[in-house]
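Read the structure below first, then the notes.
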Amino acid sequence: MAASDYLPFIRRPKPGFVTETGEPVWGVMAQFDTTVDAYHAAEKMRDAGFKHWDLHAPFPIHGIEEAMGQKRTILPFIVLGAAFTGIATAIGMQWWITAVDYAGFTVQGKPYDAWEPFTMIIFELGVLFSAFASLFGMLALNGLPRWHHPLLCKERFLASSDDKFFVVVEARDPSFNPEQTSRFLREIGASAVELVEDA
Amino acid sequence: MTSFHPDQVTAERLAGGPHQAPADLGADGSLNEDPATRSALVLNNRSLHEITEIVCGYAENAPGKWWLPTFALTATVAGVGTLMILYLIITGVGVWGLNNQVGWAWDITNFVFWIGIGHAGTLISAILCLFKQKWRTAVNRAAEAMTIFAVMCAGIFPAIHVGRIWFIWFVFPIPNYNYIWPNFRSPLLWDVFAVSTYATVSLLFWYMGMIPDFATLRDRADKRLRAGSGTCKLSVHCPITGIKLLGFPCSADRIRAFLYGLFAVGWSGSSRHWHRYETAYLILAGISTPLVLSVHSIVSFDFATSVIPGWHTTIFPPYFVAGAIFGGFAMVLFLLIPARELFPNFKDLLTLRHLENMAKILLTTGMMVGFAYSMEFFIAWYGGNRYEVETFINRAFGPYAWAYWTMISCNVISPQVFWSRRMRTDPRVIWIVALLVTIGMWFERFVIIVSSLHRAFLPGEWGMYFPTPVDILTFAGSCGVFLTMFLLFLRFLPVFPMAEIKAIMPQGDPHGHAGGHGDHDDHHEGGH
């Protein structure tokens, strides 16, 4: 994820590698045909010490985080923050309206600042804010929405949302080299390897 | 006398010994009762690609000849209902059968009915997700869709029942020159927040579940466009004469690639994304579970916090929640059993086993509401309040006794057929019971609301309520809206969560435990 992926007027970094036709190389992708192959390939990629790589799969593979050596997401903390924001909003709104702005009107013979009736809306707004944070926080951490991606320009890659698995190494990985990385991917069992141009 | 150790049975079966699983596993092979093996969640050894084909195929191709006439019918009913609402707004609530005594009648009955229907969707997606019930993938997308449409229908009634609908914005805490704030001590206002939160969270949950499936539909349309096979222009033909009525300048696949692509927000199936996605899904499930329980509890507070005999009871929150789950599961079955017949491949994804599971939930929740009905009577007697006693005697033997006994026969008696295994594995029987339960749950709300209101403390205040044609057609219209939305959903959206189904299939197991064991989770020892 880089700013130049989203904002076309930001100059892209100079490509490290170019294809035979002179296109900048974005990375290399390798197809795996079964979940088992993809899982083992991920373990080997992790052990080989790649940094900017990924495994694209049509579904979440059980336990792939450990196979890829991925850190746990911080999303739960974002949601927790949103929940407290929602709770604070609900308390502030209800207390200010009922106990401050309407102080002087006795409603139902209750104290102006009785907190018990506020609990329902405190709960509801806490849930509402958390729900927004979990969807939009997840998308933001994933760098989405992003309607253009070099991988989606590759016809072969379209099977990644159907039944194929793709290990992808980006050119910005320190140990990336088009020939060597492609050879490595074939060695770990890829059924097809393709160079991805930075389209 | 010989005794068996269960392990011995398993070992013998694996070795081809005498304790083989019975050959007849029910009509589709999913009704396996052998505790040593699990029924497959997807039948006929479908491959991952076949799942994509089945689910996307129905969203991409024209449905059978039944679709358009059915859609026309439900859309017409929805249109009639809309005209009735317009008539109500122009004329006033006098066009309904409400009167001074029965101030809430069909409007709030319909509201509680529809909001209750919605609860099964959240239950299936959230609570069954937390309990790791993998069979939920067969029904969760359709149930979530049903939730959204039911909440849409529910939202209509409180808005139009206020009479002067142009003041409905008074329910929102908006600063205004009238110096009017809503009353935060009223359960009616809690309801506004609960229902709108519920609608929003359900929509977010539903949408998030569909993002990966939108990406699949986008990629398929893209693939056809690249191959040049998706370029035929979209046109509408007269169903009778076949004459072309309307032509569009771009192909259907271009529209699909654009719209599905827009909503897929660039999803590319990255495992790093999937990790955050699954975390977000689990959080949403975790917060939706207390939410769904709170929403119907708050709806029941509308009644329980009043002093009307028949309403003023502490059993209402759990009783309403159980009833909502009961009615919602009935509606899921009512819609999905015909869908399963009309889209035959769906039978591999939604097996008899899944229907049986839901029939068992109907039986359980049906007995919960039955218990609540009897407990209400017990407390009326035990509480020693004569108004309460009179209300309940009037409910069962007064002028609305027919409604009360309709409710009892539909909700308490009809699900009892599910004690029989043959009954709860026969889709036709399940469908009929689901229909009866849906009717019964509507009558439950009618009984609670109208039979409690129509005879107040003084005989001088006694009256009756009868619906007018406007009442009836407005309710029919809301059913039309609901079914129209559901038909559009069946036609254009992924009815099954493809990604989730693929993940629970044997081919989706990263450790290669293939062979029909669809449902075991103990192979993975890694820490989380």
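No value in this document is a laboratory result; all are computed from the given coordinates. What you see is a predicted model; the values in this text were computed from it and never measured. Cβ placement follows ideal geometry from the backbone for every residue including glycine, while neighbour counts extend to all protein chains displayed.
Give the Kirkwood hydrodynamic radius (Å, one decimal) of chain A, defined as one over the mean of 1/r across all pairs of different Cα atoms. With all distinct Cα pairs of chain A included, I get 20.5 Å.
The trypsin sites (Lys or Arg not before Pro) of the stretch A:73-173 meeting both criteria, a DSSP state outside H, G, I, E and B (loop) and at most 16 other C-beta atoms within 10 angstrom of the site's C-beta, are A:146, A:172. With only the Cα atoms considered, the stretch A:75-141 has a convex hull volume of 70 Å³ per residue.
Along each principal axis, taking the top coordinate minus the bottom one, the Cα set of the stretch A:1-108 gives 80, 40, 23 Å in descending order.
Potential lengthening of the chain between residue B:255 and residue B:457 amounts to 66.5 nm, from the contour at 0.36 nm per residue minus the alpha-carbon distance. Remark: mean inter-chain Cβ contacts per residue of B:154-167 equal 0, using a 10 Å Cβ-Cβ cutoff to other protein chain atoms. Averaging the Cα positions of each part gives two centres, and for the stretch A:134-199 and the stretch B:342-384 these lie 47 Å apart.
If the viscosity is 1.306 mPa s and the temperature 10 °C, what Stokes-Einstein diffusion coefficient in µm²/s follows for chain B when Rh is the Kirkwood radius over Cα pairs?
On the way: Rh = 25.5 Å.
Diffusion coefficient, whole number: 62 µm²/s.
In loop segments of the stretch B:37-78 as defined by DSSP, the trypsin sites (Lys or Arg not before Pro) with at most 12 further C-beta atoms inside 10 Å of their C-beta are B:65. Between residue B:379 and residue B:393, the distance separating the two model label sites (each 7 Å from Cα on the Cα→Cβ line) works out to 2.1 nm. Only lysines eight or more places from residue A:154 in sequence, or on another chain, were considered; those with a Cα closer than 27 Å are A:14, A:44, A:51, A:164, B:223, B:233, B:502. Extent of the stretch B:146-205 along its three principal axes (Cα atoms, max minus min coordinate, largest first): 39, 22, 19 Å.
Between the amide H of residue B:41 and those of B:518, distances stay under 5 Å, these residues lying 5 or more places away or on another chain, with hydrogens modeled in the peptide plane. Using the Karplus relation 6.51 cos²θ - 1.76 cosθ + 1.60 with θ = phi - 60°, the per-residue 3J(HN,Hα) values for the stretch A:43-55 come to 4, 5, 4, 4, 5, 6, x, 6, 9, 9, 9, 7, 10 Hz, with x marking Gly and Pro.
Multiplying each eigenvalue of the alpha-carbon gyration tensor of the protein assembly as shown by 5 and taking the square root yields semi-axes of 49, 32, 27 Å, largest first, rounded to whole angstroms.
Want the number for residue B:342 to residue B:99: 0.36 nm per residue separation, take away the alpha-carbon distance, what's left? Kindly include the intermediate steps, with their values, before the conclusion.
Values: separation 243, 0.36 × 243 = 87.48 nm, distance 4.46 nm.
Full extension from residue B:342 to residue B:99 adds 83.0 nm.
Across every pair of different alpha-carbon atoms, what Kirkwood hydrodynamic radius in Å does the stretch B:46-134 reach? Averaging 1/r across every pair of different Cα atoms and inverting gives 17.9 Å.
Among the trypsin sites (Lys or Arg not before Pro) in the stretch A:1-67, those placed in a DSSP loop whose Cβ has at most 13 other Cβ atoms within 10 Å are A:11, A:51.
May I ask you to compute the full-extension gain from residue B:172 to residue B:364, defined as 0.36 nm times their residue separation minus their alpha-carbon distance, rounded to one decimal in nm?
Numbers: separation 192, 0.36 × 192 = 69.12 nm, distance 3.85 nm.
Extra length from residue B:172 to residue B:364 when fully extended: 65.3 nm.
The label point for residue B:86 and the one for residue B:420, both projected 7 Å from the Cα toward the Cβ, are 5.0 nm apart.
Report the calculated FRET efficiency for residue B:428 and residue B:479 (r = Cβ-Cβ distance, R0 = 22 Å), to the nearest 0.05.
Working: r = 22 Å, r/R0 = 0.99.
For residue B:428 and residue B:479, the calculated efficiency is 0.50.
Taking a point 7 Å from the Cα of residue A:44 along the Cα-to-Cβ direction, the residues of the stretch A:131-169 with backbone N closer than 18 Å to it are A:165-169. Computed from label points 7 Å out along Cα-Cβ, the spacing between residue B:262 and residue B:65 is 3.5 nm.
Take each residue in B:258-269, count the other chain C-beta atoms within 10 Å of its C-beta, and the mean is 5. Scanning chain B for long hydrophobic helices, with DSSP H runs required to stretch 15 angstrom or more by C-alpha along their axis and to average at least 1.0 on the Kyte-Doolittle scale, returns B:67-91, B:140-160, B:316-342, B:427-446, B:469-492.
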